[in-house]
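See below for the structure under consideration.
No value in this document is a laboratory result; all are computed from the given coordinates. Since we're looking at a predicted model, the values are computed, not measured. Cβ atoms come from the backbone with ideal geometry, glycine included; neighbour counts cover every protein chain shown.
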Amino acid sequence: MLLTPIVAAGMLLSVHARTVVPGGQAINLWRLGMAGEEHGSTLTTRATDATFPQYNFTQPLDHFSNTGFTFSQRYWVSDRYYTPGGPVIILDSGESSGTERLPYLDTGIVDILANATGGLGIVLEHRYYGASVPAANFTTDSLRWLNIEQALADSANFMANVKFPGINEDLTAPGTPWIYYGGSYAGSRSAHMRVLYPELVYGAIASSGVTYATILDWQYYDIIRQFGPTDCIHQIQTTVYEVDELLSDAKSHTPIKALFGLANLTHDQDFVSLLAGPLGDWQDKNWDPAVNSDDFANFCTALGSPNDTSVEIAKGISVNAATINYAIYVNQVCQEKDGSTADDCFGTFDPTQYQATDLSQTWRLWQFQVCTQFGFFFTAPPDPKQPRVISKLLTLDYAKMICEFAYPPGQHFTVPALPNITAVNSIGGLNIAADRLAIVDGQEDPWRPNTPHSDIAKKRPDTPLRPFKLISGAVHHYDENGLSNRTAEPPVIQEIHSQEVQFVQAWLSDFKQSKSGL
Ligand SMILES: *[C@@H]1O[C@H](CO)[C@@H](O)[C@H](O)[C@H]1NC(C)=O
Ligand SMILES: *[C@@H]1O[C@H](CO)[C@@H](O)[C@H](O)[C@H]1NC(C)=O
Ligand SMILES: *[C@@H]1O[C@H](CO)[C@@H](O)[C@H](O)[C@H]1NC(C)=O
Ligand SMILES: *[C@@H]1O[C@H](CO)[C@@H](O)[C@H](O)[C@H]1NC(C)=O
Ligand SMILES: *[C@@H]1O[C@H](CO)[C@@H](O)[C@H](O)[C@H]1NC(C)=O
Ligand SMILES: *[C@@H]1O[C@H](CO)[C@@H](O)[C@H](O)[C@H]1NC(C)=O
Ligand SMILES: *[C@@H]1O[C@H](CO)[C@@H](O)[C@H](O)[C@H]1NC(C)=O
């Protein structure tokens, strides 16, 4: 695929992914890392042999002023359970190619809900992603129609006007009830759709929906600190504090980088950023072994158990055994390519490495949304007394550097110095709520602090009209995938799936009653 991982394969799926862009250089990518992103990973979506017909829907480039331009938005249809009178179950594919979401039409949440309701299942691709691309390139100017307002208006226009090939009934909203589902960024879209287009979206499920945009997102890694295996977190913390201290002393500065094979990497922030990389693998865990990534578990195994042994790495400089183990692991997964320098492979401070803007540079898409509207910059905790699992050198300035490098001002659009998170948060943020809007999250999801299940959100009850479900032991949108043999799913997954079936069925019976004037 276009994005070639140079570290562990799973890292690309994680929030802090390091990627080689064509030309061989590395960049830091801050992405939501949903299951099944467009980088062709085999790790995160169960393959589907079922084929679903693919169609186009014509959208205006700009919903709010007439440019005269349109583009084709792709969607896929499953009619295997559809019976006239049934609802439409639509899954928003968020910041990925829609093709990566097709397993959810086959054995995942769309299949489950469609079967339970006689519904028509749909996957709808998001503008700019996959093949729903309205631009000739991804320059700053060409990306100016990539924002939540335009993309939400796409979904509304689709729901109000689509005519499904081969289906005679008019299934547009609001005449037909539409149930909107999304996970992660698409989860925030699901909640936003229900709040902003209540007449079109009859019910919605926001799974791990990141409705709360933040500039400093130090809590992402803090969830891993809280829920990761105790020994492993202990080893990570031992190394992180030791590395920070050794980097701050001129005498030990080079030896500690050399221990990790990275003595030639110019910037210390690039060095400690590589050390944070394996933590991103946490997000790739899944209850389904066919989808799960073992990378985090392997990382923990490599770090060993807490052990007071210290090892001399240079004259008068000793480190704990944890740091030795960490260095061996990083050495194994971060291999420089022949003929490249450490800066070529792992450096992020050269603005020229971000300049390609052709359509193969799909990393520019979610990154643009981050830089303009979402933030989500992963940093060390601002409070130095707060325990941490990443280096204190991972600052906001370092995290947002890519925004300035990758998106120089255009003629028509300028990326702000800091993302303007107001538009996202003014829809509700942590307190977003509506009737027939279900909030489903994972207890151990590093994105939970950006959802209504954040520890700082107002507590709310779980009711059939406003379901509020926290899946214990779960990471990122664990309800989105499913097995064809439902009874083989773990009990917590069977339970959330059947709860989703129950409340969606209850909503739909309300719809029927309101239609019949009862
Ligand atoms: C959908 O649109 C794309 C891009 O415009 C085009 O290449 C493709 O042929 C269209 N597919 C269908 C089924 O019309
Ligand atoms: C569809 O639902 C029916 C009735 O609830 C159930 O018996 C059947 O197993 C379901 N089929 C699938 C493929 O889940
Ligand atoms: C990007 O595409 C626009 C047309 O949409 C064109 O005017 C512009 O020159 C292109 N820029 C680059 C760098 O390819
Ligand atoms: C660091 O750079 C020097 C000089 O360019 C080179 O000889 C050496 O092999 C490099 N070290 C590593 C670990 O790549
Ligand atoms: C401590 O860790 C070192 C390095 O991994 C290992 O050689 C040593 O055997 C360990 N000691 C104990 C007591 O586990
Ligand atoms: C940020 O966005 C909000 C809402 O979209 C807007 O009202 C406000 O003017 C913007 N702030 C800045 C500094 O541009
Ligand atoms: C479905 O899974 C259950 C529980 O693991 C198992 O007992 C059953 O044999 C499976 N059914 C099929 C058809 O594979």
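Return the Cα extents of segment 180-303 along principal axes one, two and three, sorted largest first, each rounded to a whole Å.
For segment 180-303, the Cα spread along each principal axis is 66, 33, 24 Å.
Can you sort S132, S514, S93 from fewest to most other Cβ atoms within 10 Å of each residue's own Cβ?
The order, fewest Cβ neighbours first, is S514, S132, S93.
Mind jotting down the distance between the C-alpha centroids of segment 260-279 and segment 397-469, whole Å?
29
Only bridges whose two residues both fall in segment 43-129 count here: according to DSSP, what percent of them are antiparallel, nearest 5? Spell out each step's value before the answer.
Working: 11 of 16 bridges.
DSSP beta bridges in segment 43-129 are roughly 70 percent antiparallel.
Send over the semi-axes of segment 119-168's equivalent ellipsoid, whole angstrom and largest first, taken as the square roots of 5 times the C-alpha gyration tensor eigenvalues.
Three semi-axes, in Å: 26, 12, 9.
From the residues P384, G428, Q411, which one has its Cα farthest along the dipole of segment 377-518 in the positive direction, the dipole being from +1 and -1 charges on Cβ of Lys/Arg and Asp/Glu about the Cα centre?
It is G428.
Give the residue from Q226, N264, T254 lying farthest towards the positive end of the charge dipole for segment 209-268; charges sit on Cβ (+1 for Lys and Arg, -1 for Asp and Glu) and the dipole is referred to the Cα centre.
In segment 209-268, that residue is N264.
Enter the mean projected area of the convex hull around the alpha-carbon atoms of segment 362-421, in nm², rounded to one decimal.
Projected over every direction and averaged, the Cα hull of segment 362-421 covers 4.8 nm².
Please pull out the direction-averaged projected area of segment 255-355, using the convex hull of its alpha-carbon atoms, in nm² to one decimal place.
Averaged projected hull area, Cα only: 8.7 nm².
About the Cα centre of the chain, how large is the charge dipole given +1 on each Lys and Arg Cβ and -1 on each Asp and Glu Cβ? Please answer in debye to the nearest 20.
Taking the Cα centre of the chain as origin, the dipole is about 960 debye.
Using the Karplus equation 6.51 cos²θ - 1.76 cosθ + 1.60 (θ = phi - 60°), what ³J(HN,Hα) coupling, rounded to whole Hz, does each residue of segment 351-366 give in order, writing x for Gly and Pro?
Calculated HN-Hα couplings, in order: x, 5, 6, 9, 7, 5, 10, 5, 5, 7, 8, 5, 4, 6, 7, 4 Hz.
Rounded to the nearest 500, what is the chain's calculated 222 nm mean residue ellipticity when only DSSP H runs of at least 4 contribute -39500 (n - 2.57) each, over all residues?
-9000 deg cm²/dmol
If each of Q332 and H63 carries a label point 7 Å out from its Cα toward its Cβ, how far apart are those two points in nm?
The two pseudo-label positions are separated by 4.8 nm.
Given contacts defined as C-alpha pairs under 8 Å and at least six residues apart, what's the relative contact order of the chain, whole-number percent? Don't skip to the end; give the middle numbers.
Details: 1066 pairs, mean separation 99.4, N = 518.
Result for the chain is 19 percent.
Can you compute 3J(HN,Hα) from phi for each residue in segment 436-448, using the Karplus curve 6.51 cos²θ - 1.76 cosθ + 1.60 with θ = phi - 60°, rounded to whole Hz and x for Gly and Pro?
6, 10, 8, 10, 10, 9, x, 4, 9, 7, x, 8, 4
Please sort by residue number the chymotrypsin sites (Phe, Trp or Tyr not before Pro) in segment 414-518 whose DSSP state is loop and whose Cβ has at most 11 other Cβ atoms within 10 Å.
Passing sites in segment 414-518 do not exist.
With labels modelled as points extended 7 Å from the Cα through the Cβ direction, what inter-label distance (nm, one decimal) is found for T395 paired with L418?
Between T395 and L418, the label points sit 1.4 nm apart.
Of all beta bridges DSSP finds with both residues in the chain, what is the antiparallel percent, to the nearest 5?
Values: 23 of 47 bridges.
The antiparallel fraction comes to roughly 50 percent.
Counting pairs of Cα atoms in segment 49-165, how many percent are more than 23 Å apart?
Of the Cα pairs, 30 percent sit more than 23 Å apart.
Would you list the P(r) distribution for segment 293-438, with all Cα-Cα distances sorted into 10 Å bins from 0 and each bin expressed as a whole %?
Result returned by the calculation: 8, 22, 31, 23, 12, 3, 0.
If we sort 179-192, 140-153 on the protection proxy, mean other Cβ atoms within 10 Å, highest first, what's the order?
The peptides rank, most packed first, as 179-192, 140-153.
Could you give me the ³J(HN,Hα) list for segment 55-71, computed from phi with Karplus coefficients 6.51, -1.76, 1.60 and θ = phi - 60°, whole Hz, x at Gly and Pro?
Per residue, the Karplus-derived 3J(HN,Hα) values read 10, 10, 10, 7, 10, x, 4, 10, 7, 10, 8, 7, 8, x, 9, 10, 8 Hz.
Hey, could you grab the Kirkwood Rh for the chain? Inverse mean 1/r over distinct alpha carbon pairs, Å, one decimal.
Working: mean 1/r = 0.0423 Å⁻¹.
With all distinct Cα pairs of the chain included, I get 23.6 Å.
Just to confirm the filter: which chymotrypsin sites (Phe, Trp or Tyr not before Pro) across segment 68-123 are DSSP coil and have at most 14 other Cβ within 10 angstrom of their Cβ?
Answer by residue number: F69.
Amide H neighbours of A474 under 5 Å, at least 5 residues apart or on other chains, H built in the peptide plane: list them.
HN-HN under 5 Å from A474: Q443, E444.
Counting pairs of alpha carbon atoms under 8 Å apart in space and at least six apart in sequence, what relative contact order in percent does segment 428-473 give?
Reported as a whole number, the value is 51 percent.
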